[in-house]
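Data block below; observations after.
The values are calculated or read from the model by the stated rules, or taken from the named source; none is laboratory data. Not measured: the values here are computed from a predicted model. Here Cβ is always computed from backbone atoms with ideal geometry, including for glycine, and neighbour counts include all displayed protein chains.
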Amino acid sequence: MSIRILVPVKRVVDPNVRVRVGATGTIDTAGLKMSLNPFDECALEKALQLKESGVASHVTVLTCGLPAHQDVLRTALAMGADDAVLIDTGAATATLDSFAVARLVAAHMKDADYGLVLCGKQAIDGDVGGVAAMLAALLGWPQALNACALDVKERGWRVSCGEDVGTADWQVDGPAVISADLRLAQPRRVTLPSIVKAKQKPLVTYEAAALGVSLSAQSRVVALSDPPAREPGVQVKSVDALLQTLADQRVFETVGA
């Protein structure tokens, strides 16, 4: 089996940067360091490992946004992706939601022969995690979400997915959409020589309008605020005091235990 893998990625605020909600109820990203979404990095690393093992022949990365978003595509190319695609969404970028992204990716895939879509389970900015499931529905492909392990099994994939009650193992046959947890793979370091080589790799830009996809938002952010300040902790002198404190706070009732 030798397939082409598509890895959709997103440009987000660097996870090491602290963000704050402004007076207008939005996060101002001006001057903040931007980077490749960590979950997408793990998905890309797994795709590259599949290529190195001979399972895949080609890895393409894709993002939807503005020309400035090419920086994360160059990072992905430096990691080892073969080529990159930018779908320029212009003025619609600010309101782009998961469904619009899924429709854009599906439209791009009509003219390309991909055997697997590997993406992060969610982006760290919105934490919606809807693109993979929506894309699978649009394509009519099977899906496996929140994957922490992925192996080739005959003509399909053996996928371990994290769930609320533990881990479930799935057999997914044929072309599929799989979203990656951070446990799926440890992203490799990008070296200076690889950054130089990445500048020579193909990066193609398409206008979103040419794909005939409506980018009108189907969802919107109602409110955005900083989390409440953490209350000071309580020190106890014995196990009995700890148990009594937990009982007073009704901790186990709150979590449904």
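Would you be able to tell me the number of residues in the stretch 221-251 that are of a type outside the set (Gly, Ala, Ser) and under 30 Å from Val128 (Cα atoms)?
Counting residues in the stretch 221-251 that are of a type outside the set (Gly, Ala, Ser) and under 30 Å from Val128 (Cα atoms) gives 9.
Would you mention how many residues in the stretch 88-122 are under 21 Å from Leu150 (Cβ atoms) and part of a strand (DSSP E or B)?
Adding up the residues that qualify gives 5.
Out of Val59, Val72, report the one residue that is surrounded by 22 or more Cβ atoms within 10 Å (Cβ to Cβ), β-branched (Val, Ile, Thr) and not in a strand (DSSP E or B).
Val72
Checking the condition touching a strand residue (DSSP E or B) at 6+ places or on another chain (Cβ under 6 Å), outside any strand (DSSP E or B) and not hydrophobic (A, V, I, L, M, F, W, C), which residue from Asp125, Asp151, Asp169 passes?
On the way: Asp151 fails: outside any strand (DSSP E or B); Asp169 fails: outside any strand (DSSP E or B).
Only one candidate passes the filter, namely Asp125.
Go through the stretch 190-241 and give me each residue that's more than 23 Å from the chain's Cα centre (by Cα), outside any loop (DSSP other than H, G, I, E, B) and of a type in the set (D, E, K, R).
If the condition is that a residue be more than 23 Å from the chain's Cα centre (by Cα), outside any loop (DSSP other than H, G, I, E, B) and of a type in the set (D, E, K, R), then Lys197, Asp240 are the ones that fit.
When you go through Gly25, Gly31, Gly54 one by one, which is the residue that is surrounded by fewer than 16 Cβ atoms within 10 Å (Cβ to Cβ) and under 23 Å from Glu154 (Cβ atoms)?
So the residue among Gly25, Gly31, Gly54 that is surrounded by fewer than 16 Cβ atoms within 10 Å (Cβ to Cβ) and under 23 Å from Glu154 (Cβ atoms) is Gly54.
Which residue, of Leu73, Leu62, Leu48, Leu86, is within 22 Å of Val196 (Cα to Cα), of a type outside the set (S, T, N, Q) and out of contact with any Leu (no Cβ under 7 Å at 6 or more places or on another chain)?
Just one listed residue meets the conditions, Leu48.
Residue by residue, here is whether (1) of a type in the set (A, V, I, L, M, F, W, C); (2) in contact (Cβ under 8 Å) with a residue 60 or more places away in the chain; (3) out of contact with any helix residue (DSSP H, G or I) (no Cβ under 7 Å at 6 or more places or on another chain); (4) surrounded by fewer than 16 Cβ atoms within 10 Å (Cβ to Cβ) holds:
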residue	(1), (2), (3), (4)
Leu104	yes, yes, no, no
Leu116	yes, yes, yes, no
Glu154	no, no, yes, yes
Ser179	no, yes, no, no
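Out of (1) closer than 25 Å to Asp181 by Cβ; (2) in contact (Cβ under 8 Å) with a residue 24 or more places away in the chain; (3) touching an Asp or Glu at 6+ places or on another chain (Cβ under 8 Å); (4) surrounded by fewer than 18 Cβ atoms within 10 Å (Cβ to Cβ), what's the single condition that is false for Pro15?
So the condition that Pro15 fails would be (3).
Output yes when any residue across the stretch 154-165 is assigned to a strand (DSSP E or B), modelled with pLDDT under 90 and closer than 23 Å to Ser2 by Cβ, and no when none is. Break it down into steps so the answer makes sense when it comes.
In the first step, residues of the stretch 154-165 are kept if they are assigned to a strand (DSSP E or B); the result is 156-163.
Retained after the next criterion (residues that are modelled with pLDDT under 90): 156, 162-163.
Still in the running and closer than 23 Å to Ser2 by Cβ: 156.
For the stretch 154-165, residues assigned to a strand (DSSP E or B), modelled with pLDDT under 90 and closer than 23 Å to Ser2 by Cβ: present.
Looking for whichever is in contact with a Ser or Thr (Cβ under 9 Å, 6 or more places away or on another chain), modelled with pLDDT of 90 or more and within 27 Å of Ala223 (Cα to Cα) here; the options are Ser57, Ser98. Which one fits?
The unique qualifying residue is Ser98.
Return the residues of the stretch 185-207 that are touching a residue at least 40 places away in the same chain (Cβ under 8 Å) and among the aliphatic types (A, V, I, L, M); say none if nothing qualifies.
Correct list: Ala185, Val190, Ile195, Ala198, Leu203, Val204.
Given the conditions (1) without any contact (Cβ under 8 Å) to a residue 12 or more places away in the chain; (2) surrounded by 24 or more Cβ atoms within 10 Å (Cβ to Cβ), and given that Ala94 satisfies all but one, which numbered condition is not satisfied?
Only one criterion is unmet by Ala94, namely (2).
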